1. So in the range 1-47, with the set limited to residues that are open to solvent by 10 Å² or more (accessible area, probe 1.4 Å) and of a type in the set (S, T, N, Q), which one is nearest to LYS237 (Cα to Cα)?
2. When you check LEU114 against the structure, is it at pLDDT 95 or above and surrounded by 14 or more Cβ atoms within 10 Å (Cβ to Cβ), yes or no?
3. Tally time: how many residues in the range 200-220 are modelled with pLDDT of 90 or more and over 20 Å from ASN233 (Cα atoms)?
4. Against the conditions (1) at pLDDT 95 or above; (2) buried (at least 21 other Cβ atoms within 10 Å of the Cβ), where does TYR160 fall short? Just the number, please.
5. Residues being over 19 Å from VAL14 (Cα atoms) and in a helix (DSSP H, G or I): count how many of those fall in the range 26-60.
6. Mind checking which residues of the range 1-25 are of a type in the set (Gly, Ala, Ser), in contact with a helix residue (DSSP H, G or I) (Cβ under 7 Å, 6 or more places away or on another chain) and assigned to a loop (DSSP other than H, G, I, E, B)?
7. Look at the range 226-256 and say how many of its residues are more than 10 Å from PRO210 (Cα to Cα) and not hydrophobic (A, V, I, L, M, F, W, C).
Amino acid sequence: MSKAITLVLGGMGVKGVASIGILQSLHNHNIKIKRIIASGISGLVSGQYALGTDLNVLTDEFTQFFEKNHRNLWGLEELSGLFQGRRSRALESLSYFLRERLYCNANLQRFSVLPWNTIDPQIKRFFRDNTFSDLKVPLAISTIDLKQGREVLLNKGSLYESMKASIAFPGLFTPIRMADMELVSSTLYCELPLLSINEKDMPVLAIDIPNAPPRHNLHSLLEIVALTDDIRNAAIKERLLEKVAYVLRLESMKKYRWGNYHQIPLMVNSARQETDKLLETITLSQKILE
């Protein structure tokens with residue numbers, strides 16, 4: 001196995017933590033990674049991995065992180081203010097949750113619902129004063145610059161600030177200002193950060209963590225808009241995947257919702273097991289790395 005890959009990781013909401021299981025499987029198969037491109041919560045996982053953190057302890061770390069911050073981040077146990085039907089829809093779609101719970105039930109003149117200091121200490125504990133130059137594996141964090149309306153890959157400077165940009169979901173947190181840019185997570189535009197893939201990145205392995213389609217009838221304009229967001233996101237992802245040689249679709253991940261942090265250990269185990277199976281079934285390690 002002599003040829004290294006560029007690994008692209010995404011995942012909607014908490015499902016990005018499944019990247020722990022994916023990285024465990026790739027490590028067990030001795031697949032060499034020359035670069036990781038990640039967005040959303042998978043960016044946090046990838047940052048910890050690239051720093052050399054033991055993957056076996058990351059599951060507990062992220063479970064504790066969300067248990068401590070769930071009321072600030074999601075509050076999914078109550079989703080106060082939502083009727084039962086809307087609550088079910090919010091559990092299925094991150095886009096709907098942000099629009100219904102955050103945009104409409106909050107003061108519309110506010111730029112975001114949560115201040116960064118609600119989770120700053122935990123992110124700082126994860127990454128301290130480390131920079132990208134401290135990483136053992138090159139990493140790029142995918143974000144969107146609101147001023148320019150384009151993707152920006154962060155690969156220099158403070159990991160702490162870049163990781164905040166990775167999870168700066170619009171409406172939930174304020175954008176992260178870097179130089180003359182205002183950066184937000186690229187996850188809601190396309191959950192797999194494939195926009196800036198180039199020839200130097202080849203061969204590319206993209207891991208798709210799909211979402212199940214909504215199971216409820218639509219009853220409001222917000223639900224229609226949110227579903228349109230989800231369809232657009234999926235269409236963009238499929239178009240971008242056309243330029244990727246190797247794609248693993250983890251179909252088992254459809255049963256997990258974007259905000260169910262209680263099932264993080266199950267997500268990680270499912271992702272590892274299915275990645276193992278797919279690698280063995282299609283002999284991906286031989287096709288890419290020999």
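The values are calculated or read from the model by the stated rules, or taken from the named source; none is laboratory data. The structure presented is a predicted model; accordingly, all values stated were derived computationally and were not measured. Methodologically, a virtual Cβ is constructed for each residue, glycine included, from the backbone with ideal geometry; neighbour enumeration extends over all protein chains shown. Only protein heavy atoms, including side chains, enter the accessible area calculation; ligands, DNA and RNA are left aside. Shrake-Rupley method; radii C 1.70, N 1.55, O 1.52, S 1.80 Å.
1. GLN24
2. Here the answer is no, as LEU114 does not meet what is asked.
3. Residues meeting the conditions: 5.
4. Going through (1) at pLDDT 95 or above; (2) buried (at least 21 other Cβ atoms within 10 Å of the Cβ) one by one, TYR160 breaks only (2).
5. Qualifying residue count, the range 26-60: 4.
6. If the condition is that a residue be of a type in the set (Gly, Ala, Ser), in contact with a helix residue (DSSP H, G or I) (Cβ under 7 Å, 6 or more places away or on another chain) and assigned to a loop (DSSP other than H, G, I, E, B), then SER2, GLY10, GLY11 are the ones that fit.
7. 11
Here's the yes/no breakdown for (1) under 20 Å from SER186 (Cβ atoms); (2) at pLDDT 95 or above:
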site	(1), (2)
SER25	no, yes
LYS34	no, yes
VAL45	yes, yes
TYR49	yes, yes
GLU78	no, no
GLY81	no, no
ARG87	no, no
